[in-house]
Structures are given as C-alpha cells and as structure tokens.
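**Q** First, the structure itself, so that you have it in front of you.
The values are calculated or read from the model by the stated rules, or taken from the named source; none is laboratory data. Given the structure is predicted, the values throughout are model-derived calculations rather than measurements. All Cβ positions, glycine included, derive from the backbone under ideal geometry; neighbour counts span all protein chains shown. When the accessible area is computed, the model is the full protein with side chains, heavy atoms only, and any ligands, DNA or RNA have been set aside. Shrake-Rupley method; radii C 1.70, N 1.55, O 1.52, S 1.80 Å.
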Amino acid sequence: MSAGQVNKVINVRRGSIDDYVIEAIVGFQEGPGLVLLKGRGPYISKAVDVYNELVHRLGDGLELVKVEIGSERVKGRVFSYITISLKKKF
C-alpha cells in the first residue's frame, strides 16, 4: 500500500461499535501509519458505522485514505467486503 505502513487491521464483526472505535484510536497512537477497518458480508454496514463514529469523535483529525470494495473466497464461500483505510492527521 503506497499510502504508508499499516498499524492495525480491524476485522469488524459482532463486537460493539464503541469497542472498534477504541481499538482504532489505539491503533492511531501506535504511529503515523494506517488503520484498516474491514467488514465482510453482513458486517459491511457495521464497518461504515464504526467509520462514522470515528469521524464524529475525531472530526478533521481523521483522513479517509481509501475505500476498497470487492469479494473474496473464504473456505469455499464468496463474501463481499469493504476495507476503509484511515489515517490520523498529526
């Protein structure tokens, strides 16, 4: 990824939105790298909700670097996914 190193990949699943937000903020504190939010299948919308909550909390201090959508094969099944690449402005 040309935008920089990845500090943390957060796979959004059944946890609470606040837990993922805190995990992302901790990832930002690890340095100037990227934090990736990844939602697969039914958790795509939850990944977007986590992003929206981060925007609400961090405002202009958050930079949306890239959004990737696609599908991937996992254990013989095909799942749609979204990956949201974020960077904190220091």
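**Q** For segment 1-48, what is the accessible area per residue in Å² when the probe is 1.4 Å?
**A** 54
**Q** If you put +1 on each Lys and Arg Cβ and -1 on each Asp and Glu Cβ, how big is the dipole of the chain around its Cα centre, in Debye rounded to 20?
**A** Dipole of the chain, to the nearest 20 debye: 400 debye.
**Q** Now, a different point. Among [x] 14.9, 45; [y] 23.1, 78; [z] 12.7, 42, which is the computed Rg and Dmax of the Cα atoms in Å?
**A** Of the listed options [x] 14.9, 45; [y] 23.1, 78; [z] 12.7, 42, [z] comes from this structure.
**Q** Okay, next question. Taking the alpha-carbon centroid of each part, what is the distance from segment 1-34 to segment 47-90 in angstrom?
**A** Here the answer is 9 Å between Cα centres.
**Q** Measure nothing fancy, just the Cα-based angle from helix 17-29's long axis to the longest principal axis of the chain, in degrees from 0 to 90, nearest 10.
**A** For helix 17-29, the angle is close to 50 degrees.
**Q** Which one, Asn11, Val26, Ser80, is farthest towards the positive end of the dipole of the chain when Lys and Arg carry +1 and Asp and Glu -1 on their Cβ?
**A** Checked the options; the winner is Ser80.
**Q** What part of the accessible area of the chain, given as a whole %, is carbon or sulfur when the probe is 1.4 angstrom?
**A** 49
**Q** Which order, highest average first, do 15-26, 32-43, 71-82, 56-67 follow once you tally other Cβ atoms within 10 Å for each residue and take the mean per peptide? All intermediate terms of the calculation are to be shown ahead of the outcome.
**A** Values: 15-26: 15.6, 32-43: 19.1, 71-82: 11.1, 56-67: 12.9.
The packing order, highest mean first, is 32-43, 15-26, 56-67, 71-82.
**Q** With both bridge residues required to lie in the chain, what share of the DSSP beta bridges run antiparallel, to the nearest 5%?
**A** Here the antiparallel bridges make up roughly 75 percent for the chain.
**Q** Once you have a ≥ b ≥ c as the square roots of the Cα gyration tensor eigenvalues for segment 1-40, tell me rounded if a/c is under 1.5, and otherwise prolate or oblate according to whether a/b is larger than b/c.
**A** In terms of gyration-tensor shape, oblate.
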